[in-house]
Amino acid sequence: MLELHLGPMTVCPTILYDKDSMVLVDTGMPGSAPAIRELIRQAGVGEIPLSSIILTHQDIDHIGGLPEFVPVEGQAPIVYAHKDDADAINGTEPMLKVTPERLASFLQPLPETVRMLFERTFLHPSRPNVDRLLADGEILPIAGGLTVIHTPGHTPGHVCLYHQPSKTLIAGDAMLAMDGKLKGPNPSATPHMEQALQSLKKLIAFDIETVICYHGGRIQGDVTHQIAALAGQL
Ligand SMILES: [Zn+2]
């Protein structure tokens, strides 16, 4: 788990790696890529090539850094996302929660090269940004097995990822971590809260010891009990 400080907000992209390849889950805000690369370097794994990027969903604080990870030439990482968010990530549909005005306010302070790269990637794309669509229940052959769990509600195509070898759930924004506890998703950013809480029921079946929330970081201990309580199953 990486801790990326974006002004007042801290977000937690996750990396999974072995000696040959690395996977990055979520990419921060527009312009975040250099800071993420620096965190990877500080973790001592900066030499390992980035082979894949998984986007848990379409929100700007998750996809914003993507353009700078995809070189115009040379070996690009494979980008994964669920089909129900892929159109927004590909720029063929508007992003669900970011108005053009708000997007402009994010982009305006950035260096022109970063801004242009973002616009070329998401606003006037010449090719799809998503290379592979994720399906509910599929186990990606990444880091010893990464199970995709479709958890709509926060966005239609939101996914959580379960890493079986470490019994870790990468929750994206399906839950928040606050004061050492798991909380439901942020109400102001979750258009379908009822569905989002229904989605949490799917997580109870997994043997989870650690949850990484993109907002709030790592929670360990009685996490399954906490998830069941949030899903109204206790
Ligand atoms: Zn988020």
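The values are calculated or read from the model by the stated rules, or taken from the named source; none is laboratory data. Keep in mind the model is a prediction, meaning the values are calculated, not measured. Cβ placement follows ideal geometry from the backbone for every residue including glycine, while neighbour counts extend to all protein chains displayed.
If you go through segment 1-16 and pick out every residue that is within 21 Å of ALA76 (Cβ to Cβ) and modelled with pLDDT of 95 or more, you end up with 4. Among the numbered conditions (1) of a type outside the set (Asp, Glu); (2) on the phi < 0 side of the Ramachandran plot; (3) touching a Cys at 6+ places or on another chain (Cβ under 9 Å), the only one that GLY172 does not meet is (2). The criterion of at least 1 residues that are touching a helix residue (DSSP H, G or I) at 6+ places or on another chain (Cβ under 9 Å) and either surrounded by fewer than 16 Cβ atoms within 10 Å (Cβ to Cβ) or small (Gly, Ala, Ser) (or both) is met, among helices (runs of 4 or more DSSP H) falling completely within segment 1-107, by 33-42, 83-90, 100-107. For segment 18-30, a residue qualifies if it is within 16 Å of the chain's Cα centre (by Cα) and away from the ligand (no atom under 16 Å from the Cβ), and the qualifying residues are MET22, VAL23. Taken over segment 42-55, the criterion of being touching a residue at least 12 places away in the same chain (Cβ under 8 Å) and farther than 14 Å from ASN129 by Cα is satisfied by ALA43, VAL45, ILE48, PRO49, LEU50, SER51. Scanning segment 160-170 turns up no residue that is touching a His at 6+ places or on another chain (Cβ under 6 Å) and under 21 Å from TYR80 (Cβ atoms). A count restricted to segment 43-98 and to residues that are away from the ligand (no atom under 15 Å from the Cβ) and charged (D, E, K, R) stands at 7. Of the strands (runs of 3 or more DSSP E) contained entirely in segment 135-234, those carrying at least 2 residues that are more than 24 Å from SER51 (Cβ to Cβ) and within 13 Å of the ligand (Cβ to nearest atom) fall at 176-178.
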